[in-house]
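K.L.:
Structure incoming, see below.
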Amino acid sequence: MEPTSHTVSGAPRPVVAKPSRRDFLRAGARVSLGLGVGLSSLDWLTSCTKLADHRIAPWDELASKLQGALVRPGAASFSELSTPWALQYASTIPQAIAQCRTEADVQTCIQWAKANSMPIVARSGGHSYGGYSLTTGLMINVSALNTFTYEPTTGLATVGSGARNRTIFTQCKPLDRAIPHGRCYEVGVAGLVLGGGIGFDMRLHGLTCDALRETRIVLADGRMLTCNEKENADLFWACRGAGGGNFGIHTSFTFDTFPVGTITTFNLVWTDRLADTFAAIQTMTLSAPDTLGIKVSITAQKQAGASVLSLSILGHFVGSEADLRSLIAPILTVQKPAEQTIQIAPYWDGQQLITEEGRPEYSHERSRFVKGQLSDEAVRQIILNLKNWPGTSKAATWKYFLLGGQIDARSPTDMAFVHRGYSMLSSIELEWTPADDAALLAKNEQWLTGFHNQMEAYTSSYCYQNFIDPSQEGYLQAYYGTNLPRLQAIKRKYDPENLFNYPQSIPV
């Protein structure tokens, strides 16, 4: 996700008074120190507005220098371009959106913004979980940089930074090849790879960042750099796991690809005996071959005032339907599923069966990496918390993506993505709609915080940076662990004035 503000709640914020000059200076100091304590995204964005609103930016000058369009409020396309995936942050409106068509456009925007003291943010897919692809200044939108080229002699695919998972699906299908991709069509490839990149292929082929061989990036001083293992290798190291919004604006990525054939997709749902069934699922997944990519979910929804739970497994298996059925047979001996879909298909047709659109929504997700097996007590607490969910008009889900395999072929220091050696990436997702009032959302956020904090005893203190979480305490350590000091040194080298910053960015 791209640079996706410390908030107590992921819910829509009430209108608040603008901060005083003293408040702003204190907030700015917190951002500079990377503390994020007591500083919300609204506070941060309001502070940016105070800087920008007291002067008239020469927008016509910028527009005249761009090959792409400069879109201002009131334009027909402005609302669609400015709306984020995380709708609770949609009230933050940029003063202009630059639709960059070339690398030179990105350079022009950065240089103009520096000359005019204008806050900037880059956007590709806009799926920042914390709303960090928003600004009250200039939004540098790279979605038009969505080219795709494939070199058959090397097996390398180069995509523009505006490409989305949908682009990968469309362009790779005729090639019968793939890169480790995500599972939401509208998610930007840039945000996906720069923070790691999880998906159902990761156990067999590694994370998206593991497949990255080169990237091009525009720095704060306007220079365009090519980064790979030989050129600007330190920055290349940092971009693979910590690149989202921290060091510059990327314009392209080059990936290794792998051949694909047929897969067996599956979606099974249970509504009874969840603890026993979950235990069987967990035993199966933790001994499964790398050819299995799976997400295990326990979901709560309100019916007649009570939380009704269901358990599901979703994913794909690189192998035959018979082999998959043999793999899951021990689960089915516990009980038969209430719903079951198992289907063999060509790889890309199969992906369409297990992929989500990724449309804008209201949600707050909090993650934990897990080592080994969850204890019976941990599972009991998961189910108990979901039964005690306060409820919204949508749902609440605890889930895990199975890790291991080729993810662990790399060490935690091989690149900035430090989270190696874990069995699962777990998360708790809270969803709501505008029909849910502020008091109810406050109860839900309190519940989510308590649930998230409680699970640390059974998991770890480390969190996934692409599920960037405005409420996470100690987020820098949680996202980057022992790689943080090296990342800060690289930040000082390539962005010493901290042009690329947001409430949870790497500080200089």
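The values are calculated or read from the model by the stated rules, or taken from the named source; none is laboratory data. Worth saying up front: this structure is predicted, and the values here are computed from it rather than measured. When we count neighbours, we look across all protein chains shown, and the Cβ atoms used for this are built from the backbone with ideal geometry, even at glycine.
K.L.:
Give region 74-126 a look and list any residue that's among the aromatic types (Phe, Trp, Tyr) and surrounded by 24 or more Cβ atoms within 10 Å (Cβ to Cβ), or say none. Please lay out each step first, then the result.
P.N.:
Applying the first criterion (among the aromatic types (Phe, Trp, Tyr)) to region 74-126 yields 78, 85, 89, 112.
Result: 85, 89.
K.L.:
Go through (1) of a type in the set (Ser, Thr, Tyr); (2) touching a helix residue (DSSP H, G or I) at 6+ places or on another chain (Cβ under 8 Å); (3) assigned to a loop (DSSP other than H, G, I, E, B) one by one and return the number of the condition residue 251 breaks.
P.N.:
Unmet for residue 251, out of (1) of a type in the set (Ser, Thr, Tyr); (2) touching a helix residue (DSSP H, G or I) at 6+ places or on another chain (Cβ under 8 Å); (3) assigned to a loop (DSSP other than H, G, I, E, B): (3).
K.L.:
So, residue 495, is that one in contact with a strand residue (DSSP E or B) (Cβ under 7 Å, 6 or more places away or on another chain), under 25 Å from residue 119 (Cα atoms), modelled with pLDDT of 95 or more and buried (at least 17 other Cβ atoms within 10 Å of the Cβ) or not?
P.N.:
Values: in contact with a strand residue (DSSP E or B) (Cβ under 7 Å, 6 or more places away or on another chain): no; under 25 Å from residue 119 (Cα atoms): yes; modelled with pLDDT of 95 or more: yes; buried (at least 17 other Cβ atoms within 10 Å of the Cβ): yes.
So residue 495 fails the test.
K.L.:
For region 154-170, what are the residues that are closer than 24 Å to residue 122 by Cα and assigned to a helix (DSSP H, G or I)?
P.N.:
Keep residues of region 154-170 that are closer than 24 Å to residue 122 by Cα, which gives 157-169.
165, 166, 167, 168, 169 - these are the residues of region 154-170 that are closer than 24 Å to residue 122 by Cα and assigned to a helix (DSSP H, G or I).
K.L.:
Restrict the check to region 451-462 and report whether at least one residue is surrounded by fewer than 21 Cβ atoms within 10 Å (Cβ to Cβ) and under 21 Å from residue 126 (Cα atoms). Reasoning before the result, please.
P.N.:
As a first pass, look at region 451-462 and keep what is surrounded by fewer than 21 Cβ atoms within 10 Å (Cβ to Cβ): 453-454, 456-458, 460-461.
Of the ones still in play, those that are also under 21 Å from residue 126 (Cα atoms) are none.
Among the residues of region 451-462, not one is surrounded by fewer than 21 Cβ atoms within 10 Å (Cβ to Cβ) and under 21 Å from residue 126 (Cα atoms), which makes the answer no.
K.L.:
Here is a check on your reading of the model: is residue 396 hydrophobic (A, V, I, L, M, F, W, C), on the phi < 0 side of the Ramachandran plot, at pLDDT 95 or above and surrounded by fewer than 18 Cβ atoms within 10 Å (Cβ to Cβ)? Before the answer, list the steps.
P.N.:
Working: hydrophobic (A, V, I, L, M, F, W, C): yes; on the phi < 0 side of the Ramachandran plot: yes; at pLDDT 95 or above: yes; surrounded by fewer than 18 Cβ atoms within 10 Å (Cβ to Cβ): no.
For residue 396, the condition - hydrophobic (A, V, I, L, M, F, W, C), on the phi < 0 side of the Ramachandran plot, at pLDDT 95 or above and surrounded by fewer than 18 Cβ atoms within 10 Å (Cβ to Cβ) - is not met.
K.L.:
State whether one or more residues within region 482-500 are touching a His at 6+ places or on another chain (Cβ under 8 Å) and closer than 18 Å to residue 419 by Cα. Lay out the reasoning, then the answer.
P.N.:
Let us first name the residues in region 482-500 that are touching a His at 6+ places or on another chain (Cβ under 8 Å), namely none.
Checked against the condition, which is being touching a His at 6+ places or on another chain (Cβ under 8 Å) and closer than 18 Å to residue 419 by Cα, region 482-500 yields no hits at all.
K.L.:
Suppose the filter is closer than 17 Å to residue 364 by Cα and in contact with a strand residue (DSSP E or B) (Cβ under 6 Å, 6 or more places away or on another chain); does residue 424 pass it? Quick ask: steps written out before the conclusion?
P.N.:
Numbers: closer than 17 Å to residue 364 by Cα: no; in contact with a strand residue (DSSP E or B) (Cβ under 6 Å, 6 or more places away or on another chain): yes.
No: the conditions fail for residue 424.
K.L.:
Assess whether residue 423 counts as being farther than 21 Å from residue 129 by Cα, of a type in the set (Gly, Ala, Ser) and modelled with pLDDT of 95 or more. Even if it seems obvious, please write down each step before you answer.
P.N.:
On the way: farther than 21 Å from residue 129 by Cα: yes; of a type in the set (Gly, Ala, Ser): yes; modelled with pLDDT of 95 or more: yes.
It is true that residue 423 is farther than 21 Å from residue 129 by Cα, of a type in the set (Gly, Ala, Ser) and modelled with pLDDT of 95 or more.
K.L.:
Is at least one residue of region 353-367 assigned to a loop (DSSP other than H, G, I, E, B), touching a Leu at 6+ places or on another chain (Cβ under 7 Å), at pLDDT 95 or above and farther than 21 Å from residue 464 by Cα? Break it down stepwise before answering.
P.N.:
Initially, region 353-367 is screened for residues assigned to a loop (DSSP other than H, G, I, E, B), giving 355, 357-360.
The next check asks that each one be touching a Leu at 6+ places or on another chain (Cβ under 7 Å); those that pass are 360.
Going one step further and asking which of them are at pLDDT 95 or above, we end up with 360.
If we keep only those that are farther than 21 Å from residue 464 by Cα as well, we get none.
No, that holds for no residue.
K.L.:
Select from region 203-228 the residues that are part of a strand (DSSP E or B), among the hydrophobic types (A, V, I, L, M, F, W, C) and more than 21 Å from the chain's Cα centre (by Cα) and list them in ascending order. Let's see the steps before the verdict.
P.N.:
The initial filter retains those residues of region 203-228 that are part of a strand (DSSP E or B), namely 212-218, 224-227.
Retained after the next criterion (residues that are among the hydrophobic types (A, V, I, L, M, F, W, C)): 212, 217-218, 224-225, 227.
Matches in region 203-228: 218, 224, 225, 227.
K.L.:
So, one more: Taking the criterion of being touching a Pro at 6+ places or on another chain (Cβ under 7 Å), hydrophobic (A, V, I, L, M, F, W, C) and over 28 Å from residue 432 (Cα atoms), would at least one residue in region 92-100 satisfy it? If you could, list the steps in order and put the result at the bottom.
P.N.:
We begin by selecting, within region 92-100, every residue touching a Pro at 6+ places or on another chain (Cβ under 7 Å); these are 93.
Next cut, hydrophobic (A, V, I, L, M, F, W, C) only: 93.
Now narrow it down to the ones that are over 28 Å from residue 432 (Cα atoms): none.
Checked region 92-100: no residue is touching a Pro at 6+ places or on another chain (Cβ under 7 Å), hydrophobic (A, V, I, L, M, F, W, C) and over 28 Å from residue 432 (Cα atoms).
K.L.:
Which of the residues that make up region 475-502 are over 21 Å from the mean Cα position of the chain (by Cα), at negative phi and not in a helix (DSSP H, G or I)?
P.N.:
Passing the criteria: 495, 496, 497, 499.
K.L.:
Considering only region 220-253, state which residues are among the polar types (S, T, N, Q) and under 20 Å from residue 188 (Cβ atoms). Steps first, please.
P.N.:
From region 220-253, those among the polar types (S, T, N, Q) are 226, 228, 232, 246, 251-252; that's our starting set.
Selection gives 246, 251, 252.
K.L.:
Before we move on, is residue 347 at pLDDT 95 or above, surrounded by 15 or more Cβ atoms within 10 Å (Cβ to Cβ) and closer than 30 Å to residue 470 by Cβ?
P.N.:
Numbers: at pLDDT 95 or above: yes; surrounded by 15 or more Cβ atoms within 10 Å (Cβ to Cβ): yes; closer than 30 Å to residue 470 by Cβ: no.
Criteria not met by residue 347.
K.L.:
Suppose we filter region 171-202 for residues that are under 11 Å from the mean Cα position of the chain (by Cα) and either part of a strand (DSSP E or B) or of a type in the set (A, V, I, L, M) (or both); how many remain?
P.N.:
Result for region 171-202: 9.
K.L.:
Return the residues of region 472-481 that are farther than 18 Å from residue 421 by Cβ and surrounded by fewer than 18 Cβ atoms within 10 Å (Cβ to Cβ); say none if nothing qualifies.
P.N.:
The answer is 473, 474.
K.L.:
Another question about this same structure. If a residue must be more than 26 Å from residue 203 (Cα to Cα), under 19 Å from the mean Cα position of the chain (by Cα) and not acidic (Asp, Glu), how many such residues does region 449-474 contain?
P.N.:
4
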